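Undergrad: This structure is in structure tokens; I'll ask about it shortly.
The values are calculated or read from the model by the stated rules, or taken from the named source; none is laboratory data. For clarity, every value in this text was computed on a predicted model and none was experimentally measured. Virtual Cβ from ideal backbone geometry, glycine too; neighbours counted across all protein chains shown. The accessibility values were calculated without ligands, DNA or RNA, using every heavy atom of the protein model including side chains. Shrake-Rupley method; radii C 1.70, N 1.55, O 1.52, S 1.80 Å.
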Amino acid sequence: MADRVTVIGWDGSPLTAAARSALSAATLVAGAAHHLALPEIPPAAERIRLGSLGLAARRIAGHRGTAVVLADGDPGFFGVVRTLRAPEHGLEVEVVPAVSSVAAAFARAGMPWDDARVVVAHPRTLRRAVNVCRAHPKVAVLTSPGAGPAELALLLDGVHRTFVVCEELGTDREQVSVLTSDKAADHSWRDPNVVIVIGGSGQTLSAEPGWLLGQSPALSAERGWARPQADAGEGESGLLRAAQLARLGPRTGDLVWDIGTGSGGIAVDAAALGAAVIAVDADPAALERATAAARARGVQLQAVAGRAPHVLERLPEPDVVRVGGGGAEVVAAVADRRPERIVSHASTRDEAEAIGRVLTEHGYAVECALLQSVGLDTRTWAEQDRSVVFLLAGQRPVNR
């Protein structure tokens, strides 16, 4: 095992005294091509071009001597330190940090970033990164080949955002471009780059300092979800919406379809939980109410006017779906898109059985419950309203 492993962050500025000292004693140096060209590397040191971090970690673990790993930005922030410290390699490391590429990007943009979400986009995580950009007003995206500014822009089709694209930060080829997301797909971008994604109609960028990284100060003091609504649809009590939300389980990185959104109760609650939301309704007035509710709650959603199932054909792939209207026909169209979970409700047993059959035929495990809720006037404890409804939830098996 290496006698000593030092990880040095590099942001384009001159190396610190600690970094130069570690390099001068190195018998093995690992890094990208531009790192291995640094003049401070001893001529006799073995050099490893970083490709697979796991392979490099194994070679370092088997090295007898002093090893140095060079990495762009802060190596402890979505960087190589995590891989090197993994239990299978058994490496203890010393870290000489540098300014992270995210901090550098926001500095170039002249913006604070304590209220920003930070996501990593690889081809396998690109869709989830895009969903975070849909759901939040300030996001920094650490890109990779095949998951860069152009790909982000293409998947954000129909959602307006401003991109601040920072290419090759810290080098003499550094360039910062500001453009709208619909223009970003028309460019070829150099790696590495960081994209700051700004915008959205729900949240506003607050001038107030926050206390939690990645969170803006709350715009609404209201607590709780699925609160009673005067304009809720037939049978849609607050308790039903709470049960639907619990079955959906929306989370950051998800895209939620709320079909037949009505006044937007489920859509707004899902957005408050960090998910990206598309609210669908055939009634423009309903979408206006849902959009206003989102604005009041300090969250954002995309409103799409149209009648399901036809309007669903042009929507991006969902993770979870709430079908608030349309019955078995709409549930079937949704199931064809293979979301992880589908939640719906029915006012009669025949309708519930029809929806359940559709979900079963599409390979979903089906749960159904008859929910009854009675509102009481706490002054007299007299019954105010009663709701009886069938709640259906379909769960796609993990391997399908």
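Undergrad: Sorted by accessible area (1.4 Å probe), largest first, how do Glu288, Glu168, Glu340 line up? Write down the numbers at each step before the final one.
TA: Working: Glu288 130, Glu168 30, Glu340 65 Å².
Result, largest first: Glu288, Glu340, Glu168.
Undergrad: Arrange the residues Ser101, Ser373 by how much accessible surface each exposes, largest first, with a 1.4 angstrom probe. Provide the component values of the computation, followed by the final result.
TA: Numbers: Ser101 45, Ser373 20 Å².
These residues rank, largest area first, as Ser101, Ser373.
Undergrad: Then there is this: Given 20 °C and 1.002 mPa s, compute D for the chain with the Stokes-Einstein relation, Rh being the Kirkwood radius over Cα pairs; round to the nearest whole µm²/s.
TA: After rounding, the answer is 90 µm²/s.
Undergrad: Once each part is reduced to its C-alpha centroid, what is the distance from segment 82-143 to segment 319-384 in angstrom?
TA: A separation of 39 Å, based on Cα centres.
Undergrad: Once the piece of chain linking Arg190 and Arg314 is laid out straight, how much longer is it, given 0.36 nm per residue of separation minus the C-alpha distance between them?
TA: Extra length from Arg190 to Arg314 when fully extended: 41.6 nm.
Undergrad: For segment 86-152, what percent of Cα pairs sit more than 13 Å apart?
TA: Details: 1537 of 2211 pairs.
The proportion of pairs with Cα distances above 13 Å equals 70 percent.
Undergrad: Now for a separate question. Leaving out ligands and nucleic acids, note down the accessible area per residue over segment 6-123 with a 1.4 angstrom probe, in whole Å².
TA: Per-residue accessible area for segment 6-123 comes out at 48 Å².
Undergrad: If you don't mind, there's one more thing I want to ask. Quick one: dipole size for the chain, taken about the Cα centre, charges +1 on Lys/Arg Cβ and -1 on Asp/Glu Cβ, in debye to the nearest 20.
TA: Rounded to the nearest 20 debye, it is 800 debye.
Undergrad: Which whole-number percentage describes the relative contact order of segment 110-184, with Cα contacts under 8 Å and a sequence gap of 6 or more? Show your work: numbers first, answer last.
TA: Details: 95 pairs, mean separation 18.9, N = 75.
Result for segment 110-184 is 25 percent.
Undergrad: Computed over the Cα atoms of segment 2-123, what is the ratio Rg over Rh, Rh following Kirkwood?
TA: Rounded to two decimals, Rg/Rh equals 0.99.
Undergrad: With the chain treated as a Gaussian network of Cα nodes joined by springs under 10 Å, which of Gly306, Gly90, Gly249 yields the largest mean-square fluctuation?
TA: In this elastic network of the chain, the residue with the biggest mean-square fluctuation among Gly306, Gly90, Gly249 is Gly90.
Undergrad: Give the accessible area for Thr380 in Å² (nearest 10); use a 1.4 Å probe, count only protein heavy atoms, and leave out ligands, DNA and RNA.
TA: Thr380 has an accessible surface of roughly 90 Å² with all protein chains in place.
Undergrad: Using just the helices of the chain, give the 222 nm mean residue ellipticity in deg cm²/dmol: DSSP H runs with n ≥ 4 each add -39,500 (n - 2.57), and the total is spread over all residues, rounded to 500. Display every interim value, and only then the final one.
TA: Values: 13 runs with 111 residues, N = 400.
Mean residue ellipticity, 222 nm, calculated: -7500 deg cm²/dmol.
Undergrad: What is the local net charge at Arg173, summed over the other residues whose Cβ is closer than 9 Å to its Cβ (Lys, Arg +1; Asp, Glu -1)? Display every interim value, and only then the final one.
TA: Values: positive: Arg190; negative: Glu167, Glu168, Asp172, Glu174.
Local net charge: -3.
Undergrad: Could you run the Debye sum over the Cα atoms of segment 281-400, one equal point scatterer each and no solvent, and tell me log10 of I(q)/I(0) at q = 0.15, 0.18 Å⁻¹, two decimals?
TA: So the normalised log intensities work out to -0.82, -1.03.
Undergrad: Under the rule of at least 5 residues apart or a separate chain, name every residue whose amide H is placed under 5 Å from the amide H of Arg47.
TA: Placed amide hydrogens put Val29 under 5 Å from Arg47.
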